[in-house]
Amino acid sequence: MEELKRILLVEDDEKDIELTLEALAEHKLANEVVVARDGAEALDYLRRRGIFTMRANGNPAVVLLDLKMPKVDGLQVLKEMRFDAQLKAIPVVILTSSRESGDLEECYQQGVNAYVVKPVKFQDFVSAIKEVGIFWAILNEPPPGSVRRSR
Amino acid sequence: MPSSSTTVRSDFLSDPLLVSRSAAFSKFASFVVAASGGVVLLGWAFDIEVLKSVLPMWVTMKANTAACFVLAGFSLWCKQQGQTYPKSYPFSQACAAMVVLVGSLTWMEYLFGWNLGIDQLLFREGGEAIGTSSPGRMAPNTALAFLTAGAALLMLDVETKRGTRPAQFLTLADGSIGWLALVGYAYGVRPLYGVASFTQMAFHTAIAFTLLSAGILASRPSHGLVAVFTSSGAGGVMARRMLPVGILVPAALGYLRLWGERMGFYGTELGVAFVAISSTIVFSAWMMATAQALNAVAEERQRVQEEKAQQARTLEAILSSIGEGVVVADTNGKFLVWNPAAEKIVGLGAKDVSPGEWSRAYGFFLPDQKTPYPSEDLPLARAIGGGSVDNDEQFLRHAGAPEGRYLNVTGRPLRDSSGILQGGVVVFRDVTQQKQAQKELEAFSYSVSHDLRSPLRHIDGFIELLQKRLAPNADSQVQRYLATISGSAKRMGDLIDELLAFSRMGRAEMRETRVDLISLLDQVRRELGPDEKGQKVEWKIGELPEVEGDPAMLCLVLSNLVRNALKFTRTRNPAVIEVGTRGGRPGRTVIFVRDNGVGFDMQYAGKLFGVFQRLHRQEEFEGTGIGLANVRRIVHRHGGETWAESSMGAGATFYFSLPTAKQGGA
């Protein structure tokens with residue numbers, strides 16, 4: 001049996017959430033997705049604070065992170081994760097609409113694992129999500145402390 | 001050591017042409033004096049009478065005299081201005097000292113009746129020599145003249161606090177002795193060249209002294225007495241015109257009088273009257289002519305002054321009205337000009353601070369707004385050091401301008417007509433608003449890139465989901481509508497991307513290097529390989545040169561043109577695409593891409609390179625209409641031009657010109 005690991009999706013736009021979940025579902029990756037609606041919520045989840053105080057132990061196998069979000073933006077989340085000994089090893093994939101090279105550079109400076117510009121064409125988006133999902137959530141061996149589950 | 005200072009105490013500067021001429025004369029005189037001494041020495045060595053005494057009944061130039069002329073001439077040769085090498089300086093001083101020594105020893109011989117044995121040291125002279133009291137010993141007036149000439153050479157560059165050069169007065173003495181002797185020879189008056197019964201001065205000795213004295217005076221043309229003579233002022237003109245006349249005319253008139261008297265034309269009284277009247281006539285006429293010349297000089301000077309004043313007023317008007325800040329400083333960093341715009345832009349006036357303090361005094365920072373600008377690297381500091389700076393960007397912040405400003409500064413050194421650094425000038429403007437505008441533009445394109453694309457993704461995404469739901473039972477019309485909506489969303493996305501790329505292209509930094517167009521074209525063809533698909537393409541690639549430019553941008557130019565060629569030859573079998581160069585202006589390369597495709601109507605050629613301009617319908621040939629706009633923008637940024645030729649159905653040729661790569665350099 002393939003092992004499926006938990007994915008944390010950080011995205012403020014509900015349409016994007018729906019489309020991303022839809023794309024993940026096409027590849028049967030949707031079951032273990034946790035959605036955070038902004039950067040603050042994402043950090044709460046990762047640090048088990050606020051509404052996530054009661055959640056089960058363990059870090060997600062991968063964080064899919066949007067850049068432009070209210071309150072705490074994606075770059076800030078990335079920075080805080082990389083400064084946190086508990087979180088710095090978690091793979092982070094940026095999923096964004098921005099093609100500006102400034103963002104790209106800044107994210108790689110902060111040690112992002114991958115940077116994906118969401119294609120306009122839905123089919124292209126689906127295949128991008130598939131690649132990202134399969135690689136980080138199935139093929140990649142996560143750092144110690146991540147949740148493993150059989151399915 | 002000789003002073004190398006060029007300070008002039010005369011009211012007017014020396015005329016540069018006169019200065020260079022008198023320097024040349026001095027060099028010539030020193031050579032002739034030394035050479036004539038040498039020739040007379042040869043005469044002594046080989047006993048050639050004509051070299052020793054010119055005419056048989058005249059007295060000989062003594063060997064010591066000849067040797068002293070060689071020394072003095074050589075010393076003066078070494079002391080030519082601009083040629084005072086430290087190495088030859090002690091040597092030339094030693095020569096001058098030798099001359100003084102020989103002169104004074106000979107004098108002592110006369111004074112005390114000694115014989116020091118120096119007279120016959122070089123060559124022996126017979127006891128019966130003409131006009132000679134002691135064989136081989138130079139005349140007392142010759143010895144005195146050597147004393148003053150040698151001393152003049154020794155202290156040639158000594159200057160008193162009031163700018164007087166004692167050497168010039170000293171050498172006037174030997175010049176006068178020589179001139180007196182010359183006149184004596186001309187008039188046949190012995191006492192002028194011989195003192196009492198002592199040895200007389202030889203004829204060529206008299207000439208050599210006159211020449212040596214003139215040479216010594218001419219060697220420092222912009223100092224002391226001589227500066228008056230070479231000055232470009234009215235006094236200079238008068239001295240130059242009157243002095244030669246004052247020296248030569250009385251001598252010549254005296255000669256004429258003597259000659260007439262000796263020939264018995266008139267007696268003493270008439271002779272005196274003749275000299276008096278003729279000098280009155282000559283001097284009055286010459287004085288009038290000189291006065292006229294002086295008036296002309298004065299008028300010219302006034303005109304020049306007027307012109308200068310006008311120029312100064314014009315400059316003042318320009319400086320006070322332009323928007324650019326202008327600051328001028330001398331080489332010590334003292335501010336000479338600080339125009340009103342400079343005061344407004346900097347927010348401060350000229351301060352009396354040394355260049356090393358400029359950065360702190362005015363609050364100059366590097367563009368990062370944090371690092372203080374190193375004072376020695378400031379454009380004005382570099383300009384007064386002889387450097388040039390173009391469009392340097394800096395940040396300025398001080399108590400009077402707490403928010404800070406960005407300045408764009410260009411600096412140049414200032415030199416006088418002889419190329420000597422006098423200071424520097426900077427011209428600058430406030431570019432804060434431009435910077436702000438650029439930042440806003442960047443923010444705008446960021447938000448376009450991010451926010452405008454999201455809704456398009458959503459449209460396409462949900463259409464896709466809708467299609468999936470409807471798939472089994474939707475009729476073909478519904479399917480077509482959905483496909484159209486999705487296609488439009490996709491196209492809008494492409495347009496946004498291309499527009500952003502286009503605006504980026506205008507802002508991106510250019511990296512200029514040598515670019516080999518052949519390898520660039522190979523790369524483009526490899527990338528576009530898939531576009532050829534079923535197409536049968538015949539490529540004709542000509543010679544392509546190396547050019548100066550940004551490789552990534554030029555790649556985009558070729559890629560756009562080749563992609564177009566492939567697109568518009570889709571209906572041709574085979575498609576023929578030709579890439580080559582054509583002669584252009586010197587220093588430019590004209591490159592063309594020619595195809596045998598559908599072409600375009602030349603009537604619309606003007607629209608080709610505009611943004612979003614298309615000459616074909618979307619169904620015929622797809623495209624966003626931004627490719628050629630990008631081509632033009634890139635080529636313009638390289639300083640080149642773009643144009644195209646075609647006729648409907650007969651293919652098209654696109655041209656662009658670029659600067660040719662310089663030979664050798666990268």
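The values are calculated or read from the model by the stated rules, or taken from the named source; none is laboratory data. Please read all numbers here as calculations on a predicted model, not as lab measurements. In this analysis, Cβ positions are derived from the backbone assuming ideal geometry, glycine residues included, and neighbour counts consider all displayed protein chains. These accessible areas exclude ligands, DNA and RNA; they are computed on the full protein's heavy atoms, side chains included. Shrake-Rupley method; radii C 1.70, N 1.55, O 1.52, S 1.80 Å.
The table below gives the values:
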quantity	calculated
Set of aspartates and glutamates with alpha-carbon distance to residue A:79 below 12 Å, sequence-local pairs under 8 removed	A:106
The protein assembly as shown: calculated mean residue ellipticity at 222 nm from DSSP helix runs of at least 4, using -39500 (n - 2.57)	-16500 deg cm²/dmol
Signed unit charges on C-beta, dipole axis of chain B, positive-most listed residue B:420, B:515, B:359	B:515
Heavy-atom accessible surface that A and B bury in contact, both chains counted, 1.4 Å, Å² to 100	2200
Neighbour net charge for residue B:363 - beta-carbon separation under 11 angstrom, K R +1, D E -1	+3
Charge tally in the Cβ shell below 15 Å around residue B:542, where Lys, Arg are +1 and Asp, Glu are -1, residue B:542 excluded	-3
Sequence-distant lysines (8 or more away, or on other chains) whose Cα lies within less than 20 Å of residue B:607	B:567
Surface per residue (accessible, 1.4 Å probe) for the protein assembly as shown, Å²	51
Hydrodynamic radius (Kirkwood) for chain B, which is based on Cα pairs only, to one decimal in Å	34.8
Distance between segment A:1-72 and segment B:190-205 - C-alpha centres, whole angstrom	122
List of segment B:498-514 residues, accessible area with partners at least 40 Å² below that of the chain alone (1.4 Å probe)	B:504
For peptides A:119-132, B:312-325, sequence by mean Cβ density within 10 Å, most packed first	A:119-132, B:312-325
Charge tally in the Cβ shell below 9 Å around residue B:156, where Lys, Arg are +1 and Asp, Glu are -1, residue B:156 excluded	+2
Within 10 Å of each Cβ in A:112-121, the average number of Cβ atoms from other chains	4
Paired Rg and Dmax values of segment B:254-325, which use every Cα atom, in angstrom	27.4, 86
Contact order relative to length of segment A:3-142, as percent, for alpha carbon pairs under 8 angstrom and 6 or more apart	27
Carbon + sulfur, % of accessible area of chain B - ligands and nucleic acids excluded, 1.4 Å	61
Out-of-range pairs (alpha-carbon distance over 32 Å; input A:121/B:540; A:88/B:468; B:308/B:344; B:161/B:334; A:68/B:490)	A:121/B:540; A:88/B:468
Residues along segment A:71-107 losing 40 Å² or more of accessible surface when the other protein chains are present rather than the chain by itself (probe 1.4 Å)	A:97, A:99, A:100
Ordering of B:109-115, A:52-58 by packing [mean C-beta count within 10 Å, highest first]	B:109-115, A:52-58
